[in-house]
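J.: Right, I'll just put the structure down here and ask away after.
The values are calculated or read from the model by the stated rules, or taken from the named source; none is laboratory data. Only a predicted model underlies this, so the values are computations on that prediction, with no experimental measurement involved. As a convention, Cβ positions derive from the backbone with ideal geometry for all residues, glycine included, and neighbour counts pool all protein chains shown.
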Amino acid sequence: MSDVTVMNRLSARFAELKAEKRAGLVVYTMANDPSYEDGVALLKSLPAAGVDIIELGMPFSDPMADGPAIQAAGLRALASGGSLDRTLDALRAFREDDKSTPVVLMGYYNPIYSKGVAKFAALASAAGADGLIIVDLPPEEAPELTVHLRDHGLHLIFLTAPTTDETRLPTVLEQAGGFLYYVSITGVTGTASANVAVVEQAVARLREKTDLPIAVGFGIKTPAQCAEMAQVADAVVVGSAVVQKLADGLTDDGSAKPGAIDAVVDFVRGLGDAVHAVQK
């Protein structure tokens, strides 16, 4: 890591969670899904539903790490005019009302590279981002991005998986900031379910190697699973289940039915209640 200490909303939120002796809830939503207006409405509703950190998806045409639900969300978002720029517009709209909830932009490197990494870092920071998860950017190539992110107080968050061995892990941790995202299953998002006993062992191994908070995601879909993972992780990430809940409330042409956003918010509130009920 650089000698520069990055302290922003993300760092502050994990400090708050630690002081409250509980895990946080991280929820993923795709920008511009199913429209810009609906996406912003959902985004603005998440903190009051118990979301501690938001992952805001940047729609991309080749989302190779994502499963069917998020792939479909990305296609809907692109079809309705979604883009990297429109994602930042949504974030700016969110920040009009919420100055404290951390937002992590999640996506792929191609749109950032095409925009220009220095320009993107400045734009993301100005819009109100706190960090990035770029799932197809290996740590060996990350310095070309992190040098600009740190100039603007942004964390680059890395994923580790059951397949990340002792040889690979130091390379990942060298560039990691904000928190470490542990992928609890092998495969893409929204498929198999995680085993809490296996995850607990993996988290314990990671804690021996890093002081970064550890969030666990992939395969977590229900309040009960959230409560289990909240016992062993610093944060619990739910993505595909939330995205699918929104998809369930869409018409055949992809527009939101009346009450669709409210149904997602109610679902998220149940997840938040489960996570926040677990005291450490």
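J.: In the set Val199, Val238, Val242, Val268, which member is at pLDDT below 95 and either of a type in the set (Ser, Thr, Tyr) or crowded, with 21+ Cβ neighbours inside 10 Å (or both)?
T.: Going through Val199, Val238, Val242, Val268 in turn, the sole match is Val199.
J.: Considering only residues of segment 61-93 that are among the basic types (Lys, Arg) and under 19 Å from Leu132 (Cβ atoms), which is surrounded by the most Cβ atoms within 10 Å (Cβ to Cβ)?
T.: Going through the qualifying residues, I end up with Arg86.
J.: Kindly indicate whether Asp130 is closer than 22 Å to Ala31 by Cβ and crowded, with 17+ Cβ neighbours inside 10 Å.
T.: Taking the combined requirement at face value, the residue satisfies it.
J.: For segment 220-234: of the residues being of a type in the set (Gly, Ala, Ser) and buried (at least 22 other Cβ atoms within 10 Å of the Cβ), which is farthest from Ala277 (Cα to Cα)?
T.: Ala233
J.: Moving to a separate point now. Within segment 236-271, count every residue that is in a loop (DSSP other than H, G, I, E, B) and not acidic (Asp, Glu).
T.: The total comes to 8.
Let's see how each residue does on (1) within 14 Å of Val242 (Cβ to Cβ); (2) over 17 Å from the mean Cα position of the chain (by Cα); (3) not in a helix (DSSP H, G or I):
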residue: Lys18; (1), (2), (3): no, yes, no
residue: Asn32; (1), (2), (3): no, no, yes
residue: Ala48; (1), (2), (3): no, yes, no
residue: Val51; (1), (2), (3): yes, no, yes
residue: Glu55; (1), (2), (3): yes, no, yes
residue: Phe60; (1), (2), (3): no, no, yes
residue: Ala72; (1), (2), (3): yes, yes, no
residue: Leu88; (1), (2), (3): no, no, no
residue: Asp98; (1), (2), (3): no, yes, yes
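J.: Within segment 29-44, can you find the residues that are hydroxyl-bearing (Ser, Thr, Tyr) and crowded, with 24+ Cβ neighbours inside 10 Å?
T.: Passing the criteria: only Thr29.
J.: Please state which one of Ala233, Ala274 is of a type outside the set (D, E, K, R), part of a loop (DSSP other than H, G, I, E, B) and touching a residue at least 24 places away in the same chain (Cβ under 8 Å).
T.: Ala233
J.: Could you pull out the residue among Ala274, Ala256 that is buried (at least 19 other Cβ atoms within 10 Å of the Cβ) and over 24 Å from Val104 (Cβ atoms)?
T.: Being buried (at least 19 other Cβ atoms within 10 Å of the Cβ) and over 24 Å from Val104 (Cβ atoms) holds for just one of Ala274, Ala256, which is Ala256.
J.: Looking only at segment 191-235, count every residue that is touching a Ser or Thr at 6+ places or on another chain (Cβ under 6 Å) and among the aliphatic types (A, V, I, L, M) and tell me the total.
T.: Matching residues across segment 191-235 total 3.
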